[in-house]
1. Name every residue in the stretch 87-100 that is over 11 Å from Gln58 (Cβ atoms) and open to solvent by less than 70 Å² (accessible area, probe 1.4 Å), in order of residue number.
2. Mind listing whichever residues of the stretch 70-82 are without any contact (Cβ under 8 Å) to a residue 12 or more places away in the chain and either closer than 17 Å to Leu21 by Cα or crowded, with 18+ Cβ neighbours inside 10 Å (or both)?
3. Which residue is modelled with the lowest pLDDT, if the candidates are limited to the stretch 1-16 and must be of a type outside the set (D, E, K, R) and touching a Lys or Arg at 6+ places or on another chain (Cβ under 9 Å)?
4. With respect to Thr51, determine if the residue is polar (S, T, N, Q), surrounded by 11 or more Cβ atoms within 10 Å (Cβ to Cβ) and modelled with pLDDT of 95 or more.
5. May I ask you to verify whether Gly43 is of a type outside the set (A, V, I, L, M, F, W, C), on the phi > 0 side of the Ramachandran plot and modelled with pLDDT of 90 or more?
6. Could you list all residues from the stretch 37-69 that are small (Gly, Ala, Ser) and under 10 Å from Cys19 (Cβ atoms)?
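The values are calculated or read from the model by the stated rules, or taken from the named source; none is laboratory data. Treat the numbers as computed from the prediction; the structure is a model and nothing was measured. Please note: Cβ atoms are built from the backbone with ideal geometry, for glycine as well, and neighbour counts cover all protein chains shown. The accessibility values were calculated without ligands, DNA or RNA, using every heavy atom of the protein model including side chains. Shrake-Rupley method; radii C 1.70, N 1.55, O 1.52, S 1.80 Å.
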Amino acid sequence: MLGYDDKRNFFRMMVNSPCQLQVNDEESSRTLHAVCKDISATGMSLEVAETSVEVGTQVEVSIDSNSSQIPSLSAMATVVRCVPESENSCIIGVEISEMK
């Protein structure tokens, strides 16, 4: 029997890289520090120092590169999942809608 991970259309690459998340929701526009746990061709998993981020929220993710051979990443995305990680953080899954 195939597990959930075996049914993915794209493989995930583990990165554990610091990033910035520009959140644009009804409450306000704010910048959060996050850690990109993994990335695939269509989405990312991010650990955010917030108790939750509303599903459907539009975000801009920026990951700076320290290497001249690997470009920085900037993408517009939509939050599709939010799972509490601890008292002060959660893991959000985002679907990439546009690469900048």
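1. Correct list: Ser89, Cys90, Ile91, Ile92, Gly93, Ile96.
2. Ser72
3. Met14
4. no
5. So Gly43 fails the test.
6. Ser62
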